[in-house]
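The values are calculated or read from the model by the stated rules, or taken from the named source; none is laboratory data. Bear in mind that the values here come from a model prediction, so they are computed numbers and not experimental data. In this analysis, Cβ positions are derived from the backbone assuming ideal geometry, glycine residues included, and neighbour counts consider all displayed protein chains.
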Amino acid sequence: MIDIPYNNIADYDYPLPDARIALFPAPQRDGSKLLLHCHGRISDHSFGELPQLLPPDGLLVMNNTRVIHARLPFRKSTGAAIEIFCLEPLAPSTDVQLAMQQTAGCTWRCLVGNAKKWKSGELVLPIQVGNIPCTLTASIVAEEVNTFRVRFSWEPAELSFAQIIEAAGKVPLPPYIRRAATPTDAERYQTIFAAHDGSVAAPTAGLHFTDEVFHALSENHIHPAYITLHVGAGTFKPVATDDVRQHVMHPEQVLVSKQLLDTLAAASGNIIAVGTTAVRSLESLYWLGASYLQTGVMPQMVDQWQPYQTDTIPYKTQDILIALREYLTAKGADHLSFSTQVMLLPCYKFRLVTGMLTNFHQPKSTLLLLISAFLGPAWRDIYDHALANDYRFLSYGDACLFL
């Protein structure tokens, strides 16, 4: 049985003028403003002060996914422009890591701009990968609800899809950044610690970090650790129903290393997640382990409503982490790979995350619901303060720290 109280999405709305949406990043990554909410008090800072604001010996868990150039600009022989937006891999593997290493060809679920002009036939895009001239070809396999299955193939066949899409595609800026991507976005819409190709949106709380900030964190004995969640386009999907319980979350892939499990176990409950994607990954990890301990079978997916099932046994977090590590050891593996559909609502009880660093999120979004789950009604005071004090909002905007 699932027990979730009614929440109307209208209660998570606030006025956001277009002028407050940051269309470009700050001149310096760590030059943004930072709002601190700690023990019910709000104070204003610069992001460079972060190392002094965090609790000593804290653990910062960051999402080290890498944004792919998911927007592919094709043109038909008639001159019609067709943009293909890669959402998720379908074949020969649905695993993002493996799909990016694929050679010769692959199939992805995609959005297609100007699809009415492309009913059949192949689209061809000549590109250059380094000094190598290449040809990327796309063809429709099937039309689905609002999306298409698109088959890609390329020559030379020995190149990986990661190499192809990096050369052929454009940075997938969020829909609320109403401008064309520039060469600067290829650098700034990517964290400096990005490591694993697969996201179609950046984990934007991580965009503020610089080598100088990391050095200052180290001097204050605050340590970074990394988890991977490949962000899907569903992160921008608005909640279109009044009752938030009717919203369907899009699954996203998560990778967790054995080393991170050890680090989390030693963190003594002082875990600050950098971004909502890191929050969802860490909390999903708890429910993955809970399901494993309860059934003896490691699930491939953490269901959207699993945290709210009344028959779920409440395990200790330490027991969860130990069990997952022992599972990896028995399998001779060094990381867990699973998908999560978890939706964190205002009734949610957090299991791993004790602090959060994030940006300011869209009204009536699942991300704002997650913030409310962590803060309670205080989220509105924080957002009112940010609006009244010239903070910049959304992906390229300023940051906030909740302790």
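Test Tyr308 against the stated conditions and say whether it is under 27 Å from His250 (Cβ atoms) and touching a Cys at 6+ places or on another chain (Cβ under 8 Å).
Spelling it out, Tyr308 is indeed under 27 Å from His250 (Cβ atoms) and touching a Cys at 6+ places or on another chain (Cβ under 8 Å).
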For the list (1) within 21 Å of the chain's Cα centre (by Cα); (2) not in a strand (DSSP E or B), I need the number of the one condition that Leu293 fails.
(1)
Among Ile177, Ile192, which is the only one that is of a type in the set (Val, Ile, Thr), over 24 Å from Tyr286 (Cα atoms) and not assigned by TED's automatic domain parsing to the domain that holds Leu264?
Ile177
Taking Phe338, is it of a type in the set (Phe, Trp, Tyr), under 17 Å from the mean Cα position of the chain (by Cα) and either farther than 30 Å from Asp44 by Cα or modelled with pLDDT of 95 or more (or both)?
yes
From Gly31, Gly58, which residue is within 26 Å of Ala201 (Cα to Cα) and in the same structural domain as Asp398 (by TED's automatic domain parsing)?
Gly31
Filter the range 324-375 down to the residues that are in contact with a strand residue (DSSP E or B) (Cβ under 7 Å, 6 or more places away or on another chain) and among the aromatic types (Phe, Trp, Tyr) and list them by number.
Phe338, Phe360, Phe374
Can you pull out every residue in the range 67-91 that is within 29 Å of Val256 (Cβ to Cβ) and in contact with a helix residue (DSSP H, G or I) (Cβ under 8 Å, 6 or more places away or on another chain)?
Ile68, His69, Ala70, Phe85, Cys86, Leu87, Glu88, Pro89
Take Leu369 and decide whether it is of a type in the set (A, V, I, L, M, F, W, C) and under 21 Å from Leu229 (Cβ atoms).
yes
Is the range 137-150 home to any residue that is under 27 Å from the mean Cα position of the chain (by Cα), in a helix (DSSP H, G or I) and surrounded by fewer than 18 Cβ atoms within 10 Å (Cβ to Cβ)?
no
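Could you list, in sequence order, the residues of the range 97-115 that are of a type outside the set (Phe, Trp, Tyr) and closer than 19 Å to Glu144 by Cβ?
The answer is Ala99, Cys106, Thr107, Arg109, Cys110, Leu111, Val112, Gly113, Asn114, Ala115.
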Residue under evaluation Leu369, criteria (1) in a loop (DSSP other than H, G, I, E, B); (2) surrounded by 19 or more Cβ atoms within 10 Å (Cβ to Cβ), criterion not met:
(1)
With respect to Ser339, determine if the residue is in the same structural domain as Pro15 (by TED's automatic domain parsing), in contact (Cβ under 8 Å) with a residue 40 or more places away in the chain, closer than 26 Å to Pro51 by Cα and of a type in the set (Gly, Ala, Ser).
no
I'd like to check something: does the range 93-103 contain any residue that is in the same structural domain as Glu158 (by TED's automatic domain parsing), touching a residue at least 24 places away in the same chain (Cβ under 8 Å) and over 22 Å from the mean Cα position of the chain (by Cα)?
yes
Tell me yes or no: at least one residue of the range 315-334 is in contact (Cβ under 8 Å) with a residue 24 or more places away in the chain and closer than 22 Å to His247 by Cα.
no
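Is it the case that Asp242 is assigned by TED's automatic domain parsing to the domain that holds Thr329, touching a helix residue (DSSP H, G or I) at 6+ places or on another chain (Cβ under 7 Å) and acidic (Asp, Glu)?
yes
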Can you tell me which residue among Val274, Val248, Val279 is farther than 15 Å from Phe193 by Cβ, of a type in the set (A, V, I, L, M) and touching a Leu at 6+ places or on another chain (Cβ under 8 Å)?
Val279
Being of a type in the set (Gly, Ala, Ser) and either within 20 Å of Thr277 (Cβ to Cβ) or assigned to a helix (DSSP H, G or I) (or both) is the filter here; which residues of the range 173-192 pass it?
Ala186
Being outside any strand (DSSP E or B) and either surrounded by 20 or more Cβ atoms within 10 Å (Cβ to Cβ) or in contact with a Leu (Cβ under 6 Å, 6 or more places away or on another chain) (or both) is the filter here, so list the residues in the range 88-117 that pass it.
Val96, Ala99, Met100
